[in-house]
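Derivation of every value follows stated rules applied to the coordinates shown; laboratory data play no part. Bear in mind the structure is a predicted one, so any value in this text is a computation, not a measurement. Heads up, the Cβs are rebuilt from the backbone with ideal geometry, glycines too, and the neighbour counts pull from every protein chain shown.
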Ligand SMILES: [Ca+2]
Ligand SMILES: [Ca+2]
């Protein structure tokens, strides 16, 4: 499915301008997970045991590469805690056993980056008890003075989060710039299959901003002027002006909620992690294409016309489309544009009313494409209303 879909993407982008192609600029660091077995030891380190937040899972090596993906698996599985100490003071000493195992991999000691684009394509388990995440941590300083960026968190009660955080005057106490979006309101209302699909998370990080995107949607942007620690007692003054490592994990319980009625094992699929270090330049989109330019007469409102695609030479680009007013007649009110899951350069065009050929053989819409840096391109696209198709 994945490969066919990507092939279609390429076909859409070629429409209207065969001389342009998508950027071939390779990432400066990436893992496509195209190997087999354990994750690449030159890139990733497994966390072990109980780690944080009084989560229920015991981390072990429950992650492997398979069919071009990294699979992180959470299991309902009882394991002894070697750090068990009945008279211990810490939560991780008091537990004799764990009822769950899972995995967390991080690039600590192997890879760090500062500024640029990071993009991750993944499918997450959206169920009670699960807390999958894609995040970064600053290299120096104690948490949270080192800085944390959460491209993705999913947890109870069925919400997607995108956060940056910094220190406060109290140790181990963070100040959060957080966005929380209910999955059923923001995602499945547009795409009922949202939970079962792959999505693309993008971080655009430069000297001025940290911006976080999910598919083609900007979820959170934090100015560097806010990402300043109030004290340097436990770390740097500016936690997002230092290199960060990358973490991928699937926690169980704590913020994830109650897993007792959830069916295990759970699988978190990661297709790739790509980083373009210090990529802060931008070229504007140069064309917009529609994959199918005709619609059968008399279809109900909400019928799909086709997918919009864009040509933009920047790697890992994220594009938002909108219908705009301009010179000349357009029929923008007869169409709507919504995002397409798992894509950052495509969107779907749908009708908002029934279209009759007798009212005219064509309709035109004026579409604007806006990329990460706010560069735009506009085009009028003609759509045929075809009476011969039933
Ligand atoms: Ca892959
Ligand atoms: Ca661009």
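Per residue, the convex hull spanned by the Cα atoms of the range 31-80 amounts to 94 cubic angstrom. With label points built 7 Å along Cα→Cβ from the Cα atoms of residue 237 and residue 207, find their separation and express it in nm. Distance between the two pseudo-spin positions: 1.5 nm. Highest-first packing order for the peptide set 356-369, 213-226 is 213-226, 356-369, based on the mean count of other beta carbon atoms within 10 Å. On the beta carbon distance between residue 42 and residue 176, with R0 = 41 Å, the FRET formula returns roughly 0.80. Sorted on the mean count of surrounding Cβ atoms within 10 Å across their residues, most packed first, peptides 161-168, 36-43 read 161-168, 36-43. Over all distinct Cα-Cα pairs of the chain, the Kirkwood formula returns a hydrodynamic radius of 22.7 Å.
Both radii were evaluated on the Cα set of the range 153-214; the Rg over Rh quotient, with Rh as the Kirkwood radius, amounts to 1.06. Think of it as helices only: each DSSP H run of n ≥ 4 in the chain is worth -39500 (n - 2.57), and spread over all residues that comes to -1500 deg cm²/dmol at 222 nm. Once you order the gyration tensor axes a ≥ b ≥ c over the Cα atoms, which shape class does the range 60-115 get: rounded for a/c under 1.5, otherwise prolate or oblate by comparing a/b with b/c? Here the range 60-115 falls in the oblate category. Reducing the range 312-348 and the range 231-251 to their Cα centroids gives an inter-centroid distance of 35 Å.
The equivalent ellipsoid that matches the C-alpha gyration tensor of the range 339-390 spans semi-axes of 28, 14, 8 angstrom, in descending order. In a fully extended conformation the segment linking residue 284 and residue 358 would gain 22.8 nm over its present Cα-Cα distance, using 0.36 nm per residue. Using a ≥ b ≥ c from the Cα gyration tensor of the range 287-386 (square roots of the eigenvalues), is it rounded, prolate or oblate, where a/c under 1.5 gives rounded and otherwise the larger of a/b and b/c decides, a/b for prolate? Prolate is the answer for the range 287-386, as a/c is 1.5 or above and a/b outweighs b/c. Under the shape rule built on the C-alpha gyration tensor, where the axes satisfy a ≥ b ≥ c, the range 184-288 is oblate, since a/c reaches at least 1.5 while a/b does not exceed b/c.
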